[in-house]
Amino acid sequence: MTVWDRPEPPARPVPLDRERIVAAAVELADEGGLEAVSVRKVAARLNAGPMRLYGFISTKEELFDLMADEVHAEILPEERPADWREALGVLAHRTRQAALRHEWLADLLGGRPALGPNGLAVTEAKLAALDGLADVDTVMRAAETVSAYVTGAIRREVANLRAERATGLSKRDWQRASGPHVTRMLATGRFPALAKAVYDGTHVDAETSFATGLDWVLDGVAARLDGAS
């Protein structure tokens, strides 16, 4: 029986339910990442004994599932655009925004399918946007391709943000500090394509990079859908 199907235990003198447990766990994760979340720490945040929580969850992994599903509710727009491309684009950008508010979400994206009600609703929205445009296998591969790009781009962006905090160096500061080494390596002539990218390429911010890559992925999906019709 999954955590979604298991009934909650009866109320006791200290009020407790999954909603309060998940809210406390999300707060802890927002403050210190997934490593800051444990049954003991969540119980302490709620002024409850750790054993009380095991009436609601069996493992920390179940708690992570509940936390991820809670944040998936932030991804769903109030209204779904009729155009498939706009619908997938909105979901992608809202996923990125949710992950920037809750950086720990990046660590949980891309694994097994999300089975909570909000996670299933997000998956439904992705597939429904493409439904009827091609056969079901093409629709599934298209949705998976977009999700793979979104997950990878988000993880890279969050990893950079964490590196900035860990080193105390902004991206610009890190580039300045690394500049002499990079200049020496490029001067060897061993990396001509990289040198061209460094010296001649346009460097954009993370949001622009995400949006551009997403547009290119959706271009590829559109071409595949046209070929399948």
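Here, each number is a calculation from the coordinates, and none is a lab measurement. Here the structure is a predicted model, which is why all the values come from computation and not from measurement. In this analysis, Cβ positions are derived from the backbone assuming ideal geometry, glycine residues included, and neighbour counts consider all displayed protein chains.
With the structure loaded, tell me whether LEU100 is surrounded by 15 or more Cβ atoms within 10 Å (Cβ to Cβ) and part of a helix (DSSP H, G or I) or whether it fails that test. It is true that LEU100 is surrounded by 15 or more Cβ atoms within 10 Å (Cβ to Cβ) and part of a helix (DSSP H, G or I). Note on the stretch 21-59: residues that are more than 19 Å from the chain's Cα centre (by Cα) and either surrounded by fewer than 16 Cβ atoms within 10 Å (Cβ to Cβ) or over 19 Å from LEU100 (Cα atoms) (or both) amount to 23.
Hey, among the residues in the stretch 108-139 that are surrounded by fewer than 17 Cβ atoms within 10 Å (Cβ to Cβ), small (Gly, Ala, Ser) and outside any helix (DSSP H, G or I), which one's farthest from the chain's Cα centre (by Cα)? Filtering the stretch 108-139 for residues that are surrounded by fewer than 17 Cβ atoms within 10 Å (Cβ to Cβ), small (Gly, Ala, Ser) and outside any helix (DSSP H, G or I), the one farthest from the chain's Cα centre (by Cα) comes out as GLY132.
Residue-wise test of (1) aliphatic (A, V, I, L, M); (2) under 16 Å from ARG96 (Cα atoms); (3) more than 18 Å from the chain's Cα centre (by Cα).
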site: ARG156; (1), (2), (3): no, yes, no
site: LEU161; (1), (2), (3): yes, yes, no
site: THR188; (1), (2), (3): no, no, yes
site: SER209; (1), (2), (3): no, yes, no
site: ALA223; (1), (2), (3): yes, no, yes
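Of the conditions (1) hydroxyl-bearing (Ser, Thr, Tyr); (2) within 30 Å of VAL139 (Cα to Cα); (3) in a loop (DSSP other than H, G, I, E, B), THR202 satisfies every one except a single condition; which number is it? Tallying (1) hydroxyl-bearing (Ser, Thr, Tyr); (2) within 30 Å of VAL139 (Cα to Cα); (3) in a loop (DSSP other than H, G, I, E, B), THR202 fails exactly one: (2). Scanning the stretch 34-60 for residues that are touching a residue at least 24 places away in the same chain (Cβ under 8 Å) and part of a helix (DSSP H, G or I) turns up LEU34, VAL39, ARG52, LEU53. Of the listed requirements (1) more than 11 Å from LEU76 (Cα to Cα); (2) in contact with a helix residue (DSSP H, G or I) (Cβ under 9 Å, 6 or more places away or on another chain); (3) of a type in the set (D, E, K, R), ASP137 misses just one: (2).
When we screen VAL90, VAL71 for residues that are out of contact with any Phe, Trp or Tyr (no Cβ under 7 Å at 6 or more places or on another chain) and more than 23 Å from SER209 (Cα to Cα), the only hit is VAL71.
A Cβ distance below 6 Å, combined with a sequence gap of six or more or placement on separate chains, defines the contacts here; from the stretch 153-171, residues that are part of a helix (DSSP H, G or I) reach residues that are exposed (fewer than 12 other Cβ atoms within 10 Å of the Cβ) in the pairs GLU164/SER170.
The one condition from (1) closer than 18 Å to ALA121 by Cα; (2) over 23 Å from the mean Cα position of the chain (by Cα); (3) buried (at least 19 other Cβ atoms within 10 Å of the Cβ) that ALA82 does not meet is (3).
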